[in-house]
1. Based only on the alpha carbon positions, what is the Kirkwood hydrodynamic radius of the range 1-71, in angstrom?
2. Quick check: convex hull of the Cα atoms in the chain, volume per residue, rounded to a whole Å³?
3. What pairs from K234/K265; K66/K265; K40/K91; K61/K95; K21/K100; K88/K266 go past 28 Å between their alpha carbons?
4. Mind listing the long-range amide H neighbours of R157? Cut-off is under 5 Å, sequence gap 5 or more, other chains count too, H placed in the peptide plane at 1.01 Å from N.
5. What share of the DSSP beta bridges in the chain is antiparallel, in percent to the nearest 5?
6. What do you get when you divide the Cα radius of gyration of the range 41-149 by 2.2 N^0.38 Å, with N the number of residues?
7. Per-residue HN-Hα couplings for the range 167-182, Karplus 6.51 cos²θ - 1.76 cosθ + 1.60 at θ = phi - 60°, whole Hz, x for Gly and Pro?
8. Near W118, within a Cβ-to-Cβ distance under 9 Å, what is the net charge of the other residues, with Lys and Arg +1 and Asp and Glu -1?
Amino acid sequence: MNNINIFCFGFGQVAKNFIKKINLEKFNINLSVASREVSKEKKIDEISYNNYQFIDENFDKNLLNKLKQSDHILISIPPVKGEDLVIKNFKENIKECNPKWVTYLSATSVYGNHQGEWVNELSKTNPTSSNGVDRLSAERSWLDFANKQNIPLQIFRLSGIYSNRRNILVKLKSGKANIINKKNHFFSRIHVLDIAKALLASIKKPNPGSIYNVCDDLPSPPQDVVAYGCWLLKKELPSPIKFKDAALSGLGKSFYKDNKRVRNKKIKKELRINLTYKNYKIGLNAIHRSTN
């Protein structure tokens, strides 16, 4: 059984599913977490762990000893105004712990708008949204830190995440799904369990300095996904809304500003990933079966 001392900055659905995946592989896990929640001892899949509160520049100082003992570090906390809070507060501590594996979870929003063309890890990064700008700034901070301190960093650029809890079927059931017609607009997705699979593969075969896109094989227009969800649920399609007439939030506007199809060849070639949910239809089928 492999021993792993892992520290997670942020403990949302990606980090939690990653830990569950490691647990299934029979690792002996020593887990610590920093999140916005109040400091306390908690459990996930019978794994006891300490959660230490971390909000902006304020954190439970008890986490420092645990961080020093860690050999694997996962960062899923988003940047704030372009600044990565983990580097800002803990770069000296990370340097001292001499980790074997450090992974920063970024987003494919760093690519910006490519007019529906394919992008890969070598494509130009020209973010159009504030989220993409902040993510790219955080990536550069991590790369600069890793290069100077010889930290074994990997960056995973995640596409739109869906899961059993967050998906178009849930939106349709709640009446919150819309069809917004914008011709030839593509968006890439990834099931949270396939992110966990990719992260586990990188632990088994780390490649410091690498950047990976994590997405499925079928970038698709959002309205296609809504239509397939309606077909699964035997619901009528929502009335289409013209893009120019749609009342979109700031996040929604940025979603429709970027049009690109993201390639995933690198995770398949380097990490030997065989996606469980190769496209949204397979993923939604599995979710639908599990909830019926």
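The values are calculated or read from the model by the stated rules, or taken from the named source; none is laboratory data. Please read all numbers here as calculations on a predicted model, not as lab measurements. Methodologically, a virtual Cβ is constructed for each residue, glycine included, from the backbone with ideal geometry; neighbour enumeration extends over all protein chains shown. In case anyone asks, the SASA skips ligands and DNA or RNA and just uses the protein heavy atoms, side chains included. Shrake-Rupley method; radii C 1.70, N 1.55, O 1.52, S 1.80 Å.
1. For the range 1-71, the Kirkwood estimate is 12.3 Å.
2. Looking at the chain, the number lands at 136 Å³ per residue.
3. K234/K265; K66/K265; K88/K266
4. For R157, whose amide H was placed from the backbone, the distant partners under 5 Å are S106, Y212, N213, V214.
5. Just about 20 percent of them are antiparallel.
6. Computed over Cα atoms of the range 41-149, the ratio equals 1.23.
7. Residue by residue, the range 167-182 yields 6, 5, 5, 4, 5, 5, 5, 8, x, 9, 8, 10, 10, 10, 7, 9 Hz.
8. Local charge sum for W118: +2.
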